[in-house]
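The values are calculated or read from the model by the stated rules, or taken from the named source; none is laboratory data. Only a predicted model underlies this, so the values are computations on that prediction, with no experimental measurement involved. Ideal geometry is used to build each Cβ from the backbone, glycine not excepted, and the neighbour counts take in all protein chains shown.
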Amino acid sequence: MDDSQLLRYSRHILLDEIGIEGQQKLLEAHALVIGAGGLGSPAAMYLASAGIGKLTLVDHDKVDLTNLQRQIAHTTERVGRYKAESAREALAQINPGTEVVALVERADDARLNELVKTADVVLDCTDNFKTRHAVNRACVAHKVPLVSGAVIRFDGQISVFDPRSGENPCYSCLFPQDQAFEDVACSTMGVFAPLVGVVGAMQAAEALKLVMGIGESLAGRLLLLDGLRMEWSSIRIGRHEGCPVCAA
């Protein structure tokens with residue numbers, strides 16, 4: 001770590017739980033962020049500002065005017081550009097020391113397997129169950145911790161699924177992949193802008209903790225946020241012994 005990095009990350013280094021050793025772990029880590037929209041924007045921005053060494057963004061969509069109400073990595077001038085590339089530009093302005101790889105694609109199972117196995121932590125910032133389950137399968141297969149978040153209307157949720165321990169549940173334990181769940185889109189249901197910032201920032205916090213190996217993660221717990229009352233609820237979730245993903 002050079003003098004510039006020591007100064008940039010000095011407020012982290014001052015924390016006993018992090019110090020130089022923890023910050024060095026961040027500088028050497030690779031975070032994979034699936035989705036560069038409402039959740040992916042704040043998550044990626046905090047990961048970059050905190051000093052993640054490499055950050056891969058995966059998103060096939062383009063910036064739309066309706067996104068700007070909450071997707072803070074994008075600007076009016078970048079409407080019409082691919083989100084992954086727009087976010088890469090924003091992150092470069094925050095921290096040019098973070099290597100940002102922007103992948104303009106919709107990753108399928110085979111591609112996710114390639115991407116996940118090179119990552120230290122994965123953040124699921126998508127908005128549909130099909131992709132969430134595909135990401136989960138890849139994380140379980142390669143034993144890479146997954147930080148999952150979701151927001152719709154005034155409600156948010158976040159959890160960690162860490163397959164490095166055989167005792168922790170995976171995403172499919174909570175939402176079985178063989179059951180039908182209806183995807184709800186903010187384009188029809190609406191979403192309260194600051195809530196994606198809250199949950200996305202928490203996803204970044206959990207990812208950073210996992211990389212550094214500090215504190216206690218949300219593995220085995222689901223946090224639910226009622227944004228109208230601004231109340232959090234915590235639910236314990238256990239591993240499903242018959243889960244076709246993590247119990248196979």
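Mind checking which residues of segment 123-143 are surrounded by 19 or more Cβ atoms within 10 Å (Cβ to Cβ), out of contact with any Pro (no Cβ under 7 Å at 6 or more places or on another chain) and either of a type in the set (A, V, I, L, M) or over 21 Å from G200 (Cα atoms) (or both)?
L123, A134, V135, R137, A138, listed by residue number.
Which count do you get for residues in segment 200-248 that are in contact (Cβ under 8 Å) with a residue 12 or more places away in the chain and under 23 Å from V140 (Cα atoms)?
Result for segment 200-248: 31.
For segment 48-71, give me each residue that is surrounded by 17 or more Cβ atoms within 10 Å (Cβ to Cβ) and farther than 26 Å from A134 by Cβ.
Once the filter is applied, which keeps residues that are surrounded by 17 or more Cβ atoms within 10 Å (Cβ to Cβ) and farther than 26 Å from A134 by Cβ, segment 48-71 yields A50, G51.
So P194 fits all but one of (1) modelled with pLDDT of 95 or more; (2) not in a helix (DSSP H, G or I); what number is the exception?
For P194, the failing item is (2).
May I ask you to verify whether D120 is buried (at least 22 other Cβ atoms within 10 Å of the Cβ), touching a helix residue (DSSP H, G or I) at 6+ places or on another chain (Cβ under 7 Å) and charged (D, E, K, R)?
Taking the combined requirement at face value, the residue does not satisfy it.
Just to check your reading of the model, which residue among P169, P176 is part of a loop (DSSP other than H, G, I, E, B), touching a Lys or Arg at 6+ places or on another chain (Cβ under 6 Å) and touching a residue at least 12 places away in the same chain (Cβ under 8 Å)?
Just one listed residue meets the conditions, P169.
Taking the stated definitions as given, is L112 modelled with pLDDT of 95 or more and assigned to a helix (DSSP H, G or I)?
Yes, satisfied.
What tally of residues in segment 30-47 results from selecting those that are surrounded by fewer than 22 Cβ atoms within 10 Å (Cβ to Cβ) and small (G, A, S)?
Counting residues in segment 30-47 that are surrounded by fewer than 22 Cβ atoms within 10 Å (Cβ to Cβ) and small (G, A, S) gives 0.
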